[in-house]
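A quick write-up on the structure given underneath.
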Amino acid sequence: MDKAILIGIQEYIRNDYLTPVMLFVSAIGSFGAVWLFMAMLLTFRRSSRGQGILLLIVILFSGGVGECIKHMVMRPRPFLQIPDLILLGPLPRSFSFPSGHTICAFALAFIVWRLYRGWGRILVMALAIVMAFSRLYLGAHYPTDVLAGVVVAYLGSAFVWRMGKKIGRVIDVG
């Protein structure tokens with residue numbers, strides 16, 4: 001099923017207009033860059049410092065768990081296993097399972113969803129969804145890698161949220 005989905009995306013969704021967008025979205029998600037930047041911006045304002053620290057912690061914690069899983073599972077990338085699949089963008093050097101881009105995106109999005117109301121949280125969640133899809137679109141991950149990334153992010157964010165609430169006075173998460 002993973003193969004069929006990836007080949008379907010390649011055959012029916014990839015196009016000259018969407019490819020640069022997906023390459024850009026994926027690039028800003030490398031090493032959690034856009035998410036770390038967002039979290040660090042919050043740490044510079046006294047009123048949101050605790051929230052920024054919580055976001056930094058969730059990205060680092062969930063991303064670290066994901067990296068440990070990658071090295072335990074050691075799943076090859078799909079473009080190495082599916083001859084018809086063409087990778088778009090830079091050659092990934094790490095293992096495939098789970099998707100680190102997806103973990104960082106959703107870990108932050110799940111915390112932002114709990115912290116904020118209104119359009120901001122919807123935009124962050126939408127960006128996380130687009131980030132996860134970009135990994136499929138580019139042929140860098142299997143759908144199960146992305147799904148596992150969402151699960152790791154959810155569990156990591158739930159753990160960090162609970163710990164943040166327990167030490168809430170220290171980091172003022174609300």
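Screening F44 with (1) surrounded by fewer than 19 Cβ atoms within 10 Å (Cβ to Cβ); (2) touching a Phe, Trp or Tyr at 6+ places or on another chain (Cβ under 8 Å) gives one miss only, at (2). Among the residues of the range 1-20, those identified as in a helix (DSSP H, G or I), under 27 Å from E67 (Cβ atoms) and of a type in the set (A, V, I, L, M, F, W, C) are I5, L6, I9. The residue that is surrounded by the fewest Cβ atoms within 10 Å (Cβ to Cβ), among those in the range 86-103 that are at pLDDT 95 or above and either more than 15 Å from L136 (Cα to Cα) or more than 8 Å from the chain's Cα centre (by Cα) (or both), is I86.
Please verify whether the range 72-93 includes one or more residues that are under 19 Å from V160 (Cβ atoms), in a helix (DSSP H, G or I) and out of contact with any strand residue (DSSP E or B) (no Cβ under 8 Å at 6 or more places or on another chain). The answer is no; no qualifying residue exists. Can you confirm whether A33 is within 26 Å of I111 (Cα to Cα), in a helix (DSSP H, G or I) and touching a Pro at 6+ places or on another chain (Cβ under 9 Å)? For A33, the condition - within 26 Å of I111 (Cα to Cα), in a helix (DSSP H, G or I) and touching a Pro at 6+ places or on another chain (Cβ under 9 Å) - is not met. Residue pairs whose Cβ atoms lie under 7 Å apart, sitting 6 or more positions apart in sequence or on different chains, and linking a residue in the range 81-95 that is without any contact (Cβ under 8 Å) to a residue 60 or more places away in the chain to a partner that is among the basic types (K, R), are P92/R77; S94/K70; F95/K70; F95/R75.
All conditions in (1) hydrophobic (A, V, I, L, M, F, W, C); (2) within 20 Å of T144 (Cα to Cα); (3) out of contact with any His (no Cβ under 8 Å at 6 or more places or on another chain); (4) modelled with pLDDT of 95 or more hold for L23, with the sole exception of (2).
Please go through (1) assigned to a helix (DSSP H, G or I); (2) closer than 23 Å to Y154 by Cα for P98 and return the number of the only condition it doesn't satisfy. For P98, the exception is condition (1).
Does M38 count as in a helix (DSSP H, G or I), under 20 Å from Y154 (Cα atoms), touching a residue at least 24 places away in the same chain (Cβ under 8 Å) and within 20 Å of the chain's Cα centre (by Cα)?
Spelling it out, M38 is indeed in a helix (DSSP H, G or I), under 20 Å from Y154 (Cα atoms), touching a residue at least 24 places away in the same chain (Cβ under 8 Å) and within 20 Å of the chain's Cα centre (by Cα).
Residues in the range 36-82 that are modelled with pLDDT of 90 or more and hydroxyl-bearing (S, T, Y): 1 in all.
Among the residues making up the range 125-174, those that are under 30 Å from E11 (Cα atoms), over 13 Å from the mean Cα position of the chain (by Cα) and either hydroxyl-bearing (S, T, Y) or at pLDDT below 95 (or both) are Y137, Y142, T144.
The values are calculated or read from the model by the stated rules, or taken from the named source; none is laboratory data. Nothing here was measured: the structure is a model prediction, and the numbers come from that model. FYI the Cβ positions are ideal-geometry reconstructions off the backbone, even for glycines, and counts take in every protein chain you see.
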